[in-house]
Amino acid sequence: MPFVWSDDCLRHEPAAEIWVGTRTPATEVPARATAIREALVAAGARQVGAAAHPDEPLLAVHDEALVSYLRGAWEEWAAAGLPSHRVVPYMFAHRGLMDEPPAEPAAVWARPGLYAYDTMTLIGPGTWEAARAAVDVALTAVDLVADGEPVAYACCRPPGHHVARSAYGGSCYLNNTAVAAAELRRRVGGPVAIVDIDAHHGNGTQELFRRREDIRTASVHVDPGAGWFPHFLGFAGESDAANLNLPLAPGTGDDGWLAAVREATAFASGARALVVALGVDAAAGDPESPLEVTADGYREAGRILGGLALPTVVVQEGGYDLATIGPLVVETLAGLR
Ligand SMILES: [Zn+2]
């Protein structure tokens, strides 16, 4: 199975997150991607270099204002001589403040609050280049599948499934999974489905494709009602004909998780192609979620998804335990094949 890679994905070094007012070490680090690549190479996977793609597929899902802000955010922040060595929002354009969409503020330090929805997703030198490269990695995987490869894996970071049309957060900047799905939809000329098995709800993807039955979305994730990110979204009640949310209790292991993966996979049936948003942070031992899935569970999830026998693009999302992230991805892909 081919996997797509770009060295530019390593250029984003978030350094820290501001979590609940506290500066904590970043967990979405370049070593995640290199750990996955090492495991894939050891397993005999074939590396394919990412090809540069134009902005059209990106602008098919994201507002131009968000894309253009992210492209220049670090340069304007650095030029303003601000004391923080990363772009951090301090005031948010909250929906309770205004009826009309807010205008671009004059102050450089107010601008991130127009697009960011949390304080954890910092921008520094290389963030844009890495996020844009991740989109190219995902689109190159789409190219491979559109050209007849049964399955292709996009080994990219930063992740993307928390990014909506014009708002970024959750350690994500551009929605790689969504860009891939929209482009795959265009290329295969029929409905596609997204199954998101990251431990956290794919809120950005849900917002982007809400009520679009030609790009159905299903997400298996830890219950936001139990206190987990993204807190405001991911509830079962948001489900409709085009979107299925399957929230799980903290502590859920293979049996409950795989039952939900089966249900999400059934929701995807009837599509002409599949995008898997592969987060391996549902694994027992991952520091970012309380789910307890095993490596065997991930392999079985791959088998279940592979049972659809659809052309499949797999896009890397979360997974934060550097010791296991590579083997977990390899297990999932082995099951899929
Ligand atoms: Zn996650």
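The orientation-averaged shadow of the Cα convex hull for region 175-256, equal to a quarter of the hull surface, comes to 5.5 nm². Note on region 112-246: dipole from Cβ charges, positive end direction compared against Ile197, Ser171, Tyr153; the farthest Cα belongs to Ser171.
For the chain, the Cα-based Rg and Dmax, in that order, read 18.4, 55 Å. Taking the helices alone, the chain has a mean residue ellipticity at 222 nm of -10500 deg cm²/dmol, built from -39,500 (n - 2.57) per DSSP H run of at least 4 residues and averaged over all its residues. Please state, rounded to one decimal and in Å, the Kirkwood hydrodynamic radius that region 112-193 gives when every pair of distinct Cα atoms enters the mean of 1/r. Mean inverse Cα-Cα distance, inverted, gives 13.4 Å.
Taking all Cα pairs closer than 8 Å and separated by 6 or more residues, the relative contact order of region 222-293 comes to 28 percent.
Translational diffusion coefficient of region 198-337 at 37 °C, 0.692 mPa s, Stokes-Einstein with Kirkwood Rh over Cα pairs, in µm²/s as a whole number.
Numbers: Rh = 14.8 Å.
Answer from the Stokes-Einstein relation: 222 µm²/s.
Mind telling me which of Pro327, Pro287, Pro224 comes out most flexible in a GNM of the chain, alpha-carbon contacts under 10 Å? Comparing Pro327, Pro287, Pro224 in the GNM, the peak value goes to Pro287. Protection proxy ranking, highest mean first, for peptides 138-145, 153-160: 153-160, 138-145, where packing is the per-residue count of other beta-carbon atoms within 10 Å, averaged.
Given +1 on the Cβ of Lys and Arg, -1 on the Cβ of Asp and Glu, and no further charges, what dipole in debye does the chain carry about its Cα centre, rounded to the nearest 20?
Numbers: 24 positive and 42 negative charges, 81 e Å.
Computed charge dipole of the chain: roughly 380 debye.
Near Val314, the amide H atoms lying under 5 Å from its own belong to Ala152, Tyr153, Ala154, Val276; only residues 5 or more places off or on other chains count, and H is placed 1.01 Å from N. When the chain is described by a simple charge dipole with +1 on each Lys and Arg Cβ and -1 on each Asp and Glu Cβ, the residue from Val20, Ala264, Gly81 located farthest towards its positive end is Ala264.
In whole percent, what relative contact order does the chain give with Cα contacts below 8 Å and a gap of six or more residues? Over the chain, the number comes to 18 percent. Each part reduced to its alpha carbon centroid, region 297-312 and region 194-248 end up 19 Å apart.
Reducing region 98-113 and region 21-70 to their Cα centroids gives an inter-centroid distance of 27 Å.
Quick one: pull the percent of accessible area on the chain belonging to carbon and sulfur, 1.4 Å probe, ligands and nucleic acids left out. Provide the component values of the computation, followed by the final result.
Details: 7010 of 12940 Å².
That share works out to 54 percent.
When the charge dipole of the chain is built from unit charges on Cβ atoms (+1 for Lys and Arg, -1 for Asp and Glu) and taken about the Cα centre, the candidate among Gly307, Gly318, Leu248 whose Cα reaches farthest toward its positive end is Gly307.
Take the Cβ-Cβ distance between Glu149 and Ala241 as r, set R0 to 35 Å, and report the resulting FRET efficiency rounded to the nearest 0.05. List each step's numbers first, then the result.
Working: r = 30 Å, r/R0 = 0.87.
After rounding, the FRET efficiency stands at 0.70.
Computed over the chain with a Gaussian network model linking Cα atoms closer than 10 Å, the most mobile of Trp257, Trp19, Trp228 is Trp19.
Among bridges DSSP assigns within the chain, what percent are antiparallel (round to 5)?
15 percent
Where the alpha-carbon atoms of region 21-107 are placed on the principal axes, they occupy 54, 36, 29 Å, in descending order.
Taking every protein chain into account, the accessible area of the chain amounts to 38 square angstrom per residue (probe 1.4 Å).
The values are calculated or read from the model by the stated rules, or taken from the named source; none is laboratory data. Keep in mind the model is a prediction, meaning the values are calculated, not measured. Positions of Cβ are generated from backbone atoms using ideal geometry, with glycine treated the same way; all protein chains shown enter the neighbour counts. What goes into the accessible areas is simple: the full protein's heavy atoms, side chains included, and nothing from ligands, DNA or RNA. Shrake-Rupley method; radii C 1.70, N 1.55, O 1.52, S 1.80 Å.
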